[in-house]
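Before any comments, here is the structure.
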Amino acid sequence: MEETFEGEKIIRILGIETSCDETAASVLENGNQVLSNIVASQADLHARFGGIFPEVASREHIKTIYSVVEQALNDAHVDIREIDAIAVTRGPGLAGSLVVGMNMAKGLSLASGIPIIGINHLEGHLYSAWIPQENPDYQEPQFPTVALIVSGGHSSLILMKDHLTYTQLGRTLDDAAGEAFDKVARLLDLPYPGGPSIQKAAETGNVHAFNFPRAWLEDSYNFSFSGLKTAVLRTIQELHADGRPVSVENIAASFQQAVVDVLFTKTVQAARQFEAKDIIVAGGVSANRALRKAFFDQTEFRMHIPPLKLCTDNAVMIATAGHYRFINGFRDDLDMDVLPNWELAEPA
Ligand code: KG4
Ligand code: ZN
């Protein structure tokens, strides 16, 4: 660990993320200064296929990982020897993609003697709430915090009573929220990834045009989005059968509102029950404008939603989670394996 002239310790973490279709690396100083943030997205490649093919994703990671990490170090103006730990996404995610980041981290660790720390990707999304970026009004989340993590692979409600401690309040029983956006976009012939496409189409649509179902699943904080997806499919089929026009904008707006209603209502209910001070919303779907507006418009709880560029997958969030693990003494061995189905928390 380096010291300043005043004797203060400087901690630098190199974050590496390859769990899905972004190859990303970042250098973070003292847990809050982003020295670099490199994200090479494969979205254009996968858009051609309408979704992610795991083998295509892992081969693309192999091609880009070295230059992404090199650029992250260069942009940060630090040498690998000035790094204190390498935080790498260990899971959940696509096995073949995770392995690429993990092997890069192990290679660097072996060559330099710098410790590695395996990070749960969802913990990374959560820790994006601890990145102040350029926000002058930034305040750290206060515990207890209720966190909604909504991504392409997960929809979870988590209770955080302290750093690095998680209780699962609820999860999706079928499709993740982002997956529902992606699947409904496909039904509407909108391009991949579905979330941004639906959001754009919804801008000129009427949220009341269709009364799509909300799965409240009473007395639980679980989610279910497959019924909603099927309802959209049936509506499209009925409109076609009747020879009526399919308003992509109205369907997108009504669908998006149904998702936002459920995510918002359940999260606020959980925050009340567990007397949370703050709410965190993170993961790719937290980029959704309607979802952000619903949360930012309420005044009962203080909100933490990452800036747009940190909502979708990146390595700043992995480095931030790594920083908190590093200062709490966590280190992993070089024989650590990836965990494609790693759960962040046990159910309450
Ligand atoms: O967190 P993320 O980048 O990757 C995973 O960990 O899965 O999330 C990707 C998901 C995709 O399903 C994408 O459609 C969704 O986030 N997404 C959005 C928006 N931007 C990305 N969903 C709704 N509205 C958005 N603006
Ligand atoms: Zn993610």
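Every number in this text was worked out from the coordinates using simple rules, so none of it is lab data. Since this is a predicted model, take the numbers as computed values, not measurements. Please note: Cβ atoms are built from the backbone with ideal geometry, for glycine as well, and neighbour counts cover all protein chains shown.
Below is a table of values for the structure above.
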{"read-out": "Cβ crowding within 10 Å averaged over residues, with 291-303, 77-89 ranked highest first", "value": "77-89, 291-303"}
{"read-out": "The chain, dipole about Cα centre (Lys/Arg Cβ +1, Asp/Glu Cβ -1), debye to the nearest 20", "value": "840 debye"}
{"read-out": "Which of Glu2, Glu343 has the fewest Cβ neighbours within 10 Å, and the rest in rising order", "value": "Glu2, Glu343"}
{"read-out": "Lys293 paired with Lys200, simple spin-label distance in nm, labels 7 Å along Cα-to-beta-carbon", "value": "1.8 nm"}
{"read-out": "Highest average packing first - 251-258, 221-228, Cβ atoms within 10 Å", "value": "251-258, 221-228"}
{"read-out": "Nitroxide proxy distance, nm - points 7 Å out along Cα→Cβ at His208 and Asp335", "value": "6.5 nm"}
{"read-out": "Point-charge dipole on Cβ atoms (K/R +1, D/E -1) for region 145-305, about Cα centre, debye to 20", "value": "200 debye"}
{"read-out": "Exposure proxy order (Cβ contacts within 10 Å, fewest to most) of Ile52, Ile318, Ile198", "value": "Ile52, Ile198, Ile318"}
{"read-out": "Projected area averaged over orientations for region 145-305, convex hull of C-alpha atoms, nm²", "value": "9.1 nm²"}
{"read-out": "J(HN,Hα) series, region 190-206, from Karplus relation 6.51 cos²θ - 1.76 cosθ + 1.60, nearest Hz, glycine and proline x", "value": "9, x, 7, x, x, x, x, 5, 5, 4, 5, 4, 5, 4, 9, x, 9"}
{"read-out": "For the chain, calculated [θ]222 nm from helices alone, where every DSSP H run of n ≥ 4 adds -39500 (n - 2.57)", "value": "-12500 deg cm²/dmol"}
{"read-out": "In range of the label at Gln33: residues from region 310-347 whose backbone nitrogen is under 14 Å from the point 7 Å along Cα→Cβ", "value": "none"}
{"read-out": "Acute angle (nearest 10 degrees) that the helix 248-273 long axis makes with the longest principal axis of the chain, alpha-carbon atoms", "value": "60 degrees"}
{"read-out": "Semi-axes of the equivalent ellipsoid for region 75-194, Cα gyration tensor, largest first, Å", "value": "29, 22, 16"}
{"read-out": "Acute angle (nearest 10 degrees) that the helix 54-76 long axis makes with the longest principal axis of the chain, alpha-carbon atoms", "value": "50 degrees"}
{"read-out": "Neighbour-count ranking [beta-carbon atoms within 10 angstrom, fewest first] of His323, His46", "value": "His46, His323"}
{"read-out": "Region 95-146: proportion of alpha-carbon pairs further apart than 18 angstrom, %", "value": "54 percent"}
{"read-out": "Principal axis dimensions, largest first and in whole angstrom, of the chain by Cα", "value": "72, 45, 35"}
{"read-out": "Inverse mean reciprocal Cα-Cα distance (Kirkwood Rh) of region 192-243, Å", "value": "13.1 Å"}
{"read-out": "Cross-link pairs beyond the 29 Å C-alpha cut-off, checked among Lys9/Lys63; Lys63/Lys309; Lys106/Lys183; Lys161/Lys309; Lys200/Lys229", "value": "Lys9/Lys63; Lys106/Lys183"}
{"read-out": "Antiparallel %, DSSP beta bridges [both residues in the chain], to 5", "value": "60 percent"}
{"read-out": "Angle between the chain longest axis and helix 177-187 axis [Cα atoms, degrees, rounded to 10]", "value": "50 degrees"}
{"read-out": "Percentage relative contact order, the chain, counting C-alpha pairs under 8 Å, at least six apart", "value": "25 percent"}
{"read-out": "C-alpha center-to-center spacing [region 203-226, region 300-348] in angstrom", "value": "29 Å"}
